[in-house]
Amino acid sequence: MKPVLLVSNGHGEDLSGALVAAQLRERGIAVEALPLVGHGSPYRQLGIPVLGRTRSCSTGGLGYTSLAGRLSELVEGQLLYVLGRLLLLRRRRQGYGLVLAVGDVLAVLGGWLSGLPTAVYLVAYSSHYEGRLQLPWPCSWLLGRPAIRAIWSRDGLTASDLSQQLARPVTFLGNPFLDVVSPSPAAQPSRPPSSGAAQQPQLLLVPGSRLPEAARNLKLMLQLVALLPGDWVQAQNLRLRAALVPDLSLDRITQLARPLGWQLEGQDHLSCGSLRLELAWGQFAAILPQASLVLCMAGTAAEQAVGLGKPVLQLPGQGPQFTAGFAEAQRRLLGPGVHWAGGGRGQTPSLQASAALARTLLDEQTDPKRGPTRRQQLAAIGLERIGQPGGSQTMAAAIMALLAASPP
């Protein structure tokens with residue numbers, strides 16, 4: 001049987017593609033990957049072969065979010081690079097039996113250009129944004145082609161909406177990226193509320209994965225956390241933690257933290273007065289389930305947090321990813337589990353309002369009367385917007401069925 005090729009365009013998309021690929025490999029199917037943006041690190045970490053020479057750009061593939069980003073990608077040759085990747089796919093198409101396109105219209109275009117049977121996981125679009133999804137041209141046309149054998153959406157509302165628009169079945173099988181933080185699929189139709197409030201409350205800082213944006217985001221977060229009253233933090237027994245990517249070095253953190261009043265303690269802590277922040281590199285999946293509140297300036301990480309029933313507090317920054325516009329779209333996508341205090345980017349009144357909102361949300365989580373009800377509400381939001389864990393296994397099983405139905 002010929003290998004399955006994963007075509008994805010974006011870090012979160014690469015993560016989902018890699019998780020499905022790993023499940024296929026466990027079922028004895030050979031898999032390879034063609035990331036259209038960046039180096040495809042999630043594939044490489046799981047030992048999935050990546051086609052051709054890869055490269056990254058300063059926008060991380062998010063140039064569409066601003067005019068400056070679009071210009072940067074043009075200057076850096078990102079458009080020509082993506083076209084080259086698609087031509088590579090076209091040249092290599094005879095070596096594969098099926099394509100799984102993960103992402104948006106660009107990944108779908110890659111599947112269509114291959115001329116191979118294609119399954120589409122349309123993770124980049126949701127009807128929660130506007131109520132009725134307006135697919136960009138020519139996505140609707142591409143999704144109607146006979147070579148597209150299956151279409152999977154990122155939530156149930158989108159599946160229902162697109163099934164009507166495209167006049168063909170669109171199904172919701174879950175979101176593989178949730179499996180990283182929830183390795184065991186739930187056996188029941190609904191997840192129990194998180195019991196995190198019965199333990200030590202934790203505020204988790206997630207500044208993102210792309211540099212230099214992640215460093216700028218962490219700087220804003222340190223300013224916010226410094227506004228939390230030390231006596232309240234001690235009374236709450238609040239644990240402060242930061243989930244960092246390995247590229248965000250300790251030296252860089254120390255340089256940005258020192259002017260803000262934070263001092264390095266040892267190799268994995270920062271202190272500011274009575275506040276103490278634990279630094280953890282590459283441990284997001286392990287520590288997210290323990291969080292009571294997630295201060296987040298990232299895309300996929302916020303979706304994973306909502307999927308686990310965690311409240312998310314946004315703090316829009318300079319970008320290129322986590323701008324005010326991106327944050328607003330994220331609130332529409334993920335629903336009332338995501339919070340924002342409003343105000344200008346990085347301005348003192350906005351940071352003060354965000355710190356006050358963080359206190360309110362944490363107090364709500366730890367309150368013995370309000371906490372259980374709120375956690376039930378957050379769990380329901382997670383099921384509606386993200387779904388159950390186990391999406392990678394479910395998609396792998398669906399791909400196996402497509403392979404069995406295809407001629408040899």
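The values are calculated or read from the model by the stated rules, or taken from the named source; none is laboratory data. This is a predicted model, so every value here is computed, not measured. Cβ atoms come from the backbone with ideal geometry, glycine included; neighbour counts cover every protein chain shown.
Among the conditions (1) part of a loop (DSSP other than H, G, I, E, B); (2) surrounded by fewer than 17 Cβ atoms within 10 Å (Cβ to Cβ); (3) not hydroxyl-bearing (Ser, Thr, Tyr), Ala341 misses just one, which is (2). Taken as a whole, the structure leaves Val108 outside the set of residues that are at pLDDT below 90, assigned by TED's automatic domain parsing to the domain that holds Ala150 and not in a loop (DSSP other than H, G, I, E, B). Evaluation of Arg92 against the conditions (1) modelled with pLDDT of 90 or more; (2) more than 25 Å from Ala150 (Cα to Cα) shows that the sole unmet condition is (2). For segment 364-398, the tally of residues that are surrounded by fewer than 22 Cβ atoms within 10 Å (Cβ to Cβ) and over 22 Å from Leu334 (Cβ atoms) stands at 7. Identification of strands (runs of 3 or more DSSP E) wholly contained in segment 200-293 with 2 or more residues that are more than 22 Å from Gln365 (Cβ to Cβ) yields 263-265, 269-272, 275-281.
Checked against the criterion of being assigned to a loop (DSSP other than H, G, I, E, B) and in the same structural domain as Ala324 (by TED's automatic domain parsing), segment 350-365 has no qualifying residue. With respect to being in the same structural domain as Gly309 (by TED's automatic domain parsing), part of a loop (DSSP other than H, G, I, E, B), of a type outside the set (Val, Ile, Thr) and at pLDDT below 95, Arg191 falls outside the description. Within segment 21-67, the set of residues being modelled with pLDDT under 90, among the hydroxyl-bearing types (Ser, Thr, Tyr) and surrounded by fewer than 23 Cβ atoms within 10 Å (Cβ to Cβ) comprises Thr54, Ser56, Ser58, Tyr64, Thr65, Ser66.
Let's see how each residue does on (1) surrounded by 23 or more Cβ atoms within 10 Å (Cβ to Cβ); (2) within 18 Å of Ile386 (Cα to Cα):
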{"residue": "Gln304", "(1), (2)": "yes, yes"}
{"residue": "Gly307", "(1), (2)": "yes, yes"}
{"residue": "Gly317", "(1), (2)": "yes, no"}
{"residue": "Ala327", "(1), (2)": "no, yes"}
{"residue": "Gly337", "(1), (2)": "yes, yes"}
{"residue": "Gln347", "(1), (2)": "no, no"}
